[in-house]
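J.: Sharing a structure with you now.
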Amino acid sequence: MASSKEYLNFILEQLAELEEISYRAMMGEYIIYYRGKIVGGIYDDRLLVKPVKSAVSLIPDATYELPYDGAKEMLLVDDVDNKEFLARLFHAMYDELPAPKNKK
């Protein structure tokens, strides 16, 4: 099942206070970038983020879910209505995320 453009727009609006939020469509889903680094994505109308230590500490009771078959588990973000929480989560995660790979 693909994610809806409406859900993407809702999440982007929730993240509007953060600078350098971008996305890329990928096979009906959306990869979310913060300041050039992949934070997570929207899969089946769910916001999933990478399970880095800071994300796990901010949402310790989050469920781990697969974005798609064969992928690594990611954390489900339930509190998508809370803009301040989402901004705090993305800020906290940034330093732990891997740097973007150089394009050849």
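J.: Mind listing the long-range amide H neighbours of Y43? Cut-off is under 5 Å, sequence gap 5 or more, other chains count too, H placed in the peptide plane at 1.01 Å from N.
T.: Here L48 satisfy the definition.
J.: Roughly how many Å is it from the Cα centre of the stretch 1-24 to that of the stretch 40-88, as a whole number?
T.: About 14 Å separates the Cα centre of the stretch 1-24 from the one of the stretch 40-88.
J.: Find the relative contact order for the stretch 19-97 and round it to a whole percent, using C-alpha pairs within less than 8 Å whose residues are 6+ positions apart.
T.: The normalised contact order for the stretch 19-97 reaches 25 percent.
J.: Treat every Asp and Glu Cβ in the chain as -1 and every Lys and Arg Cβ as +1, leave all other atoms uncharged, and give the resulting dipole magnitude about the Cα centre to the nearest 20 debye.
T.: On the way: 13 positive and 18 negative charges, 148 e Å.
With only Lys, Arg, Asp and Glu charged at Cβ, the dipole is about 700 debye.
J.: In addition: So what are the three principal axis dimensions of the stretch 5-94 from its Cα atoms, in whole Å, longest to shortest?
T.: Reported extents, whole Å, longest axis first: 31, 28, 23.
J.: So how many Lys-Lys pairs in the chain land under 30 Å Cα to Cα, not counting same-chain pairs under 8 apart?
T.: Summing the qualifying lysine pairs gives 28.
Read-outs throughout are calculated quantities, based only on the coordinates presented, and are distinct from any laboratory measurement. Here the structure is a predicted model, which is why all the values come from computation and not from measurement. Cβ: placed from backbone, ideal geometry, glycine included. Neighbour counts: every protein chain shown.
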